[in-house]
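Data block below; observations after.
Derivation of every value follows stated rules applied to the coordinates shown; laboratory data play no part. Worth saying up front: this structure is predicted, and the values here are computed from it rather than measured. Backbone-built Cβ (ideal geometry, glycine too); neighbour counts: all protein chains shown.
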Amino acid sequence: MTEASATTPGLPLGEKLRYGAEAAIFFAFMALFRVLGLDKASRLGGWIGRNIFPLLPPDRVARANLAAAFPEKSEDERNEIRGIMWDNLGRVVGEYPHLGRFSPKGEDPPPFIGQDASGTKISGVNDAAGKPFWFNGQTRITLTDEGALSQGGSKYNGNRLASSGAPLQAGPPRPYTLRFTRKGTFSYYCTIHPGMKGTVKVVSRGKRIPTNRANARAAKKEYARVVKRLKKDTKFPGRLGNAVEAGHDTLTTTFFRFFPATKSVPVGTSVTFLMSPKTTEAHTISFGPADYLQKQADAFITPDPINPQLPPVVSPVAAFPSEPPPQAPLDPAQHGNGFFNTGVLDRDGATPLNPPEARVTFNKPGTYNFICLIHPDMKGSIVVG
């Protein structure tokens, strides 16, 4: 019995050089994205996706596939889908060197909400006209056990999660007491507002610690610094162009306001609603009658209708966009009462289904009032004329 051997011919010199050049360009961009940081890398990647990728040969394939998949849509509608696709792909490339930042770490807060682990689907949710919303059949959104419910008992040694849980019961929340069983510096967070962070330093018995009076003085100074920053940020006039920023947040301050609160645009304008670059909050942009919107805001988190013993669920009317992607222009008559919702927007890598911005097109004159269904005191209006 003989063995047959085979050899693989080497690549031609021209292909080796071409592949080497492509690899060098790729790693150069990865190094640039890594230096820029996550947010800037994502924005640069999105810009490259929108402006450079459409010039490359794969764009012809994308155009042909979209025409075959959506023959009923106009060329402008298909181009909008294509633009969103290239923007998303560019952001994925820009964020690739920062994948470690999306990985679970001991000090990162668990997400407060997420897709139902049981896979339960949404059903029977209708609009004001009695017609089913498009998201019936999608996996519902619930509060997570780790992010919303009490965890870990009354003692803590730094090796596992300990949490008060969210105040889901009626009435004022109860104080949370936790005993630290070893020395060290421990970080804590609010899982609802993950930008709220603090540290507890545990020292040996007998070692001097600040007095209550000293702690009060330090808190007063910190409070004064935050107020000074907020007074400065409140003068923010809003972004240039047809854009509205939900909040104007920093790593230490949060604004529950829209900037600008009122914007005037011509008929046919598309307005981009976007989250602050450094925000850790989540918002919705929701249009419709004031009483209907308030009702949806009040029901943002509700008991599980199937099993009230399980974690509460997030209202799909608030969490999901009111229109299937890509969203159609806002129409004052849609859903029987003019309801239009972007769904939840955020910049949290742990919630990849929530985009950081949404674009709304206004084709009819009028004043369109909107709120955030998570923070209903955030209000704004778009004046179209």
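Here is how the numbers come out for the structure above:
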{"quantity": "Estimated inter-spin distance, LEU149 and ASN79, nm [label 7 Å along Cα→Cβ]", "calculated": "5.1"}
{"quantity": "All aspartates and glutamates inside 15 Å of LYS379 as judged from Cα atoms, apart from same-chain residues fewer than 8 positions distant", "calculated": "GLU245, ASP291"}
{"quantity": "Gain in span if fully extended, VAL35 to ARG179, counting 0.36 nm per residue against the direct Cα distance", "calculated": "47.8 nm"}
{"quantity": "Region 13-102: relative contact order as a whole-number percent, Cα under 8 Å and 6+ apart", "calculated": "47"}
{"quantity": "Extension gain from ARG43 to LYS131, taking 0.36 nm per residue of separation minus the Cα-Cα distance", "calculated": "27.9 nm"}
{"quantity": "Cα-Cα over 24 Å, subset of LYS197/LYS295; LYS263/LYS364; LYS121/LYS364; LYS183/LYS278; LYS235/LYS263", "calculated": "LYS197/LYS295; LYS121/LYS364; LYS183/LYS278"}
{"quantity": "The chain, helix-only ellipticity at 222 nm - DSSP H runs n ≥ 4, -39,500 (n - 2.57), divided by all residues, nearest 500", "calculated": "-9000 deg cm²/dmol"}
{"quantity": "Of all DSSP beta bridges in the chain, antiparallel share, percent nearest 5", "calculated": "75"}
{"quantity": "Label corresponding to log10 I(q)/I(0) by the Debye sum over Cα atoms at q = 0.11, 0.12, 0.15 Å⁻¹ when calculated from the structure given, among (1) -0.78, -0.93, -1.37; (2) -0.97, -1.12, -1.56; (3) -0.92, -1.03, -1.28", "calculated": "(2)"}
{"quantity": "Difference of contour (0.36 nm per residue) and Cα-Cα distance, ASN212 to THR367", "calculated": "50.6 nm"}
{"quantity": "R0 of 41 Å, Cβ-Cβ distance LYS379-ARG205: FRET efficiency to nearest 0.05", "calculated": "0.20"}
